[in-house]
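Below is one structure, written out as structure tokens; comments come after it.
The values are calculated or read from the model by the stated rules, or taken from the named source; none is laboratory data. Predicted model, so just to flag it, every value in this text is computed and none were measured. Ideal geometry is used to build each Cβ from the backbone, glycine not excepted, and the neighbour counts take in all protein chains shown.
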Amino acid sequence: MKIKTFMLLLMLSAGACTVPPHSSGNQDTQQWQQTIQQLNTLLKERKHQAAIDEGKQKISELLAVADHTEPKDTMVKYARQMVNFFYFSYLGSKQFRPGIEYLDSLNNAPFLQQHCKHELLSARAGLHQMCGDNEAAIRLADEYLQLPEYDDADRYIPQAEIVSGVYIYSGNDIPQAIRLLEKAMECYHQGGKFHNMLRIISRLGIYYRLIGEYEKAVATNQEVINSYNDSIAPPNIVIAYGEQANLYAELGMYDRALELNSKAQYYSLLKDSFGLGDLYRYRAEIFRRIQDKDSVFYYLDRAGKTSAEQESFKGVFVNKVLTVDSYLDYPDSVQKALQLAVSICPDSTRMPQWARYDLNLHLGRALLETGKASQGIPLIEKAARGFARMDMIGKEKNANRILMDYYRRMRMDDAFFRCYDRDQLFADSLNLDEKIRAVAAANIRFDAERKEKENKLLSAQVELQQHQLFFNIYISIALLLLLIISIAYFITKRKANRLLLEKRKQEIQKLMARQQELNRHNELLTGQIEQAMAANNLNTVSQLTGQSLLSKEDENTFRKSFAAIYPLYLPKLREKYPQLTRNEELLAMLICMNQSTDEIALIMGINRSSVNMIRSRMRKKIKLTKEESLDEVIKQYLS
């Protein structure tokens with residue numbers, strides 16, 4: 001290893017003697033950019049182990065150089081990127097323990113300890129949280145918060161996402177997680193960049209909802225939905241649509257909630273079924289609100305299977321807790337709820353505290369409803385205290401109501417009034433109806449930006465909810481009338497078209513018959529002319545050639561028939577060449593009928609040279625060159 005290091009230093013020294021310093025810096029930058037791109041490509045291709053092995057080699061080379069040279073900004077920048085890379089590699093491969101061990105070893109490197117402490121602490125905390133090592137994860141997260149702050153927004157945002165997750169899942173500290181993500185959002189609004197920023201904003205919306213800040217939750221979801229486009233990875237929009245569906249469910253707008261939940265599922269399936277288990281659980285909750293029992297348990301079952309397939313231990317656990325809660329809605333399923341709750345208690349040690357409190361609440365209810373109040377009430381009291389510490393007002397209120405009802409029935413006045421006073425405190429600060437109105441107002445402001453003013457939309461929404469039955473009747477009648485009118489219109493239109501088509505067919509047949517008669521007349525006339533010429537009777541020839549095969553009446557009939565077939569031809573021709581005479585128009589129509597010069601002369605009762613003179617005049621009026629064909633120009637207006 002010493003020999004390799006010496007050779008590496010020798011090569012760097014030789015390079016320093018032959019390459020200008022500025023050029024060397026540029027080469028270093030390009031080299032590390034290429035390295036990071038190659039490693040990220042392996043990650044995108046899910047070649048996690050190959051990415052980890054390659055990354056270990058590259059960071060060893062970097063540390064070897066750093067130990068013997070003055071650290072440069074470029075080297076520090078890419079060292080930080082490498083630490084983040086290892087976190088996501090081990091996270092993607094689910095090798096949490098090996099990842100912790102390797103990052104712990106990197107933490108002993110003086111260069112990384114000096115320049116990458118924030119990255120190391122956040123990454124190690126995140127992997128400990130994924131392992132369920134909650135105490136270690138929180139300890140590292142607290143150390144992270146004690147470090148000096150810095151101004152690099154791009155560097156801070158991904159760390160804030162990791163550390164906030166630690167405080168949620170390992171420390172049950174929602175306010176701290178909110179503070180971290182609010183700062184990340186502030187960095188983003190000031191120009192910071194992160195490819196999964198919309199996902200971070202969506203998570204902030206979840207945390208707002210958990211503490212009852214419904215209006216803020218809606219605002220963050222709306223920002224994500226408005227900012228999304230096809231160039232952004234689908235997981236960034238999944239959470240926002242899922243959360244927005246939950247908020248519409250709070251409003252009682254269940255159809256809209258189900259629609260948004262379906263949108264979230266669509267985007268989830270576009271990318272690795274991201275969050276799909278949660279979306280099925282959300283959908284089950286919506287059906288629970290409308291008391292559709294079969295759909296509730298159908299989607300809870302799908303959610304459990306999806307979480308199991310994705311090897312999400314937390315997802316499976318949370319799904320079972322929600323199933324316990326749903327069983328408690330039906331008296332004949334209380335025993336099932338109790339059995340399931342007891343069976344998952346051993347799994348709760350690695351779960352977030354809020355999930356454990358949920359389990360305590362539902363297990364306590366199951367025990368209470370099966371006559372085991374002495375065991376159930378302490379669990380519900382423990383859950384209520386835990387929810388209070390976490391500022392989860394809605395959940396605390398639910399637990400408190402169960403306790404108050406029990407204390408009242410058992411005439412435990414002191415305990416009842418203690419719960420009652422607590423209930424009044426958070427009831428005054430965040431009444432359920434006020435929360436629903438806040439959500440309604442936020443949603444209305446969102447829709448009003450694209451439709452109408454806020455007050456008009458609110459009035460329309462209230463009126464729609466109050467008169468929905470009448471509205472449906474009116475719409476049905478209107479649609480029925482529209483259907484009848486449409487059918488009548490199409491029948492009339494079809495009949496008119498059929499009559500018009502028959503009329504045109506008759507006119508075409510007349511025109512063809514007339515043309516055949518003209519042809520026969522032409523043949524007879526030709527024979528008479530030949531006889532007259534053979535007898536050298538010039539007067540007879542003159543009389544015969546002077547006869548017009550097309551009388552005034554015939555010409556009018558011909559024009560009408562022609563117009564029936566080509567109704568737009570003459571208007572187009574006249575618009576383009578208004579100077580044409582009636583005879584010239586007739587000539588144009590005969591040309592369109594593919595009549596030869598001799599046939600035209602016979603029909604118009606003139607000789608061939610006269611026809612050519614008319615053609616010549618038309619060419620001058622139309623201003624044709626010698627190369628242009630009169631017939632082609634005339635016929636182009638048929639279409």
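Answer yes or no: is there a residue in region 296-318 that is at pLDDT below 85, among the hydrophobic types (A, V, I, L, M, F, W, C) and out of contact with any Leu (no Cβ under 7 Å at 6 or more places or on another chain). Among the residues of region 296-318, at least one is at pLDDT below 85, among the hydrophobic types (A, V, I, L, M, F, W, C) and out of contact with any Leu (no Cβ under 7 Å at 6 or more places or on another chain), which makes the answer yes. Would it be correct to say that D152 is within 37 Å of the chain's Cα centre (by Cα) and of a type in the set (D, E, K, R)? So D152 fits the description; yes. If you go through region 223-232 and keep only what is surrounded by fewer than 16 Cβ atoms within 10 Å (Cβ to Cβ) and closer than 25 Å to E182 by Cβ, you end up with N226, S227, N229. Among the residues of region 86-111, the one identified as surrounded by 17 or more Cβ atoms within 10 Å (Cβ to Cβ), within 38 Å of the chain's Cα centre (by Cα) and not in a helix (DSSP H, G or I) is Q95.
Every test in (1) part of a helix (DSSP H, G or I); (2) touching a Phe, Trp or Tyr at 6+ places or on another chain (Cβ under 7 Å) is passed by P71 save one, and that test is (1).
If you go through region 309-332 and keep only what is under 15 Å from L359 (Cα atoms) and touching a residue at least 60 places away in the same chain (Cβ under 8 Å), you end up with just K314. Does region 547-566 contain any residue that is among the basic types (K, R) and without any contact (Cβ under 8 Å) to a residue 24 or more places away in the chain? Looking through region 547-566, at least one residue is among the basic types (K, R) and without any contact (Cβ under 8 Å) to a residue 24 or more places away in the chain. Taking region 319-349 as the range and being of a type in the set (V, I, T) and crowded, with 16+ Cβ neighbours inside 10 Å as the test, the residues that pass are V321, T323, V324, V334, I344. Using the structure shown, decide if A388 is among the aliphatic types (A, V, I, L, M), under 22 Å from R365 (Cβ atoms) and at pLDDT 75 or above. Against the criterion (among the aliphatic types (A, V, I, L, M), under 22 Å from R365 (Cβ atoms) and at pLDDT 75 or above), A388 qualifies.
Picking from residues in region 575-599 that are more than 17 Å from E632 (Cα to Cα) and in a helix (DSSP H, G or I), the one that is farthest from the chain's Cα centre (by Cα) is D598.
Of all residues in region 164-205, those being touching an Asp or Glu at 6+ places or on another chain (Cβ under 6 Å) and closer than 21 Å to K395 by Cα number 2. For region 172-187, does any single residue satisfy the condition of being without any contact (Cβ under 8 Å) to a residue 12 or more places away in the chain, assigned to a helix (DSSP H, G or I) and under 36 Å from the mean Cα position of the chain (by Cα)? Yes, because at least one residue in region 172-187 is without any contact (Cβ under 8 Å) to a residue 12 or more places away in the chain, assigned to a helix (DSSP H, G or I) and under 36 Å from the mean Cα position of the chain (by Cα).
Condition first: of a type in the set (G, A, S), within 18 Å of V316 (Cβ to Cβ) and at pLDDT below 90. Can you find one or more residues in region 349-362 that meet it? So far as region 349-362 goes, yes, one or more of its residues are of a type in the set (G, A, S), within 18 Å of V316 (Cβ to Cβ) and at pLDDT below 90.
Taken as a whole, the structure leaves K193 outside the set of residues that are outside any loop (DSSP other than H, G, I, E, B), of a type outside the set (S, T, N, Q) and either under 24 Å from K77 (Cβ atoms) or within 27 Å of the chain's Cα centre (by Cα) (or both).
Let's see how each residue does on (1) surrounded by 14 or more Cβ atoms within 10 Å (Cβ to Cβ); (2) at pLDDT 85 or above; (3) in contact with a helix residue (DSSP H, G or I) (Cβ under 7 Å, 6 or more places away or on another chain):
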| site | (1), (2), (3) |
| --- | --- |
| N522 | yes, no, yes |
| N537 | no, no, no |
| S542 | no, no, no |
| L550 | yes, no, yes |
| Y569 | yes, yes, yes |
| E584 | yes, yes, yes |
| I591 | yes, yes, yes |
| S629 | no, yes, no |
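Among what's in region 353-385 and is in contact (Cβ under 8 Å) with a residue 40 or more places away in the chain and either small (G, A, S) or not in a helix (DSSP H, G or I) (or both), pick the residue that is surrounded by the most Cβ atoms within 10 Å (Cβ to Cβ). Looking at the filtered set, the residue picked out is A366.
For (1) buried (at least 24 other Cβ atoms within 10 Å of the Cβ); (2) small (G, A, S), each residue gets a yes or a no:
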residue: G242; (1), (2): yes, yes
residue: N246; (1), (2): no, no
residue: M253; (1), (2): no, no
residue: R256; (1), (2): no, no
residue: E259; (1), (2): no, no
residue: K263; (1), (2): no, no
residue: L269; (1), (2): no, no
residue: F274; (1), (2): no, no
residue: R283; (1), (2): yes, no
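Somewhere in region 11-19, is a residue under 20 Å from S89 (Cβ atoms), in a helix (DSSP H, G or I) and at pLDDT below 85? Scanning region 11-19, I find no residue that is under 20 Å from S89 (Cβ atoms), in a helix (DSSP H, G or I) and at pLDDT below 85, so the answer is no.
Counting only helices (runs of 4 or more DSSP H) that sit wholly inside region 234-318, those with at least 1 residues that are within 20 Å of L210 (Cα to Cα) are 235-251, 254-270, 276-289.
One residue alone among A141, A123 is part of a helix (DSSP H, G or I), farther than 23 Å from I36 by Cβ, in contact with a helix residue (DSSP H, G or I) (Cβ under 6 Å, 6 or more places away or on another chain) and modelled with pLDDT of 90 or more, and that residue is A141.
Can you name the residue in region 391-430 that is part of a helix (DSSP H, G or I), at pLDDT below 85 and among the aliphatic types (A, V, I, L, M) and is also nearest to N172 (Cα to Cα) among such residues? Per the criteria, the residue is I393. Annotation note: Cβ proximity below 6 Å between a residue of region 93-109 that is within 17 Å of A136 (Cβ to Cβ) and modelled with pLDDT under 90 and a residue that is of a type in the set (A, V, I, L, M, F, W, C) and outside any helix (DSSP H, G or I) (sequence gap 6+ or interchain) occurs for no pair.
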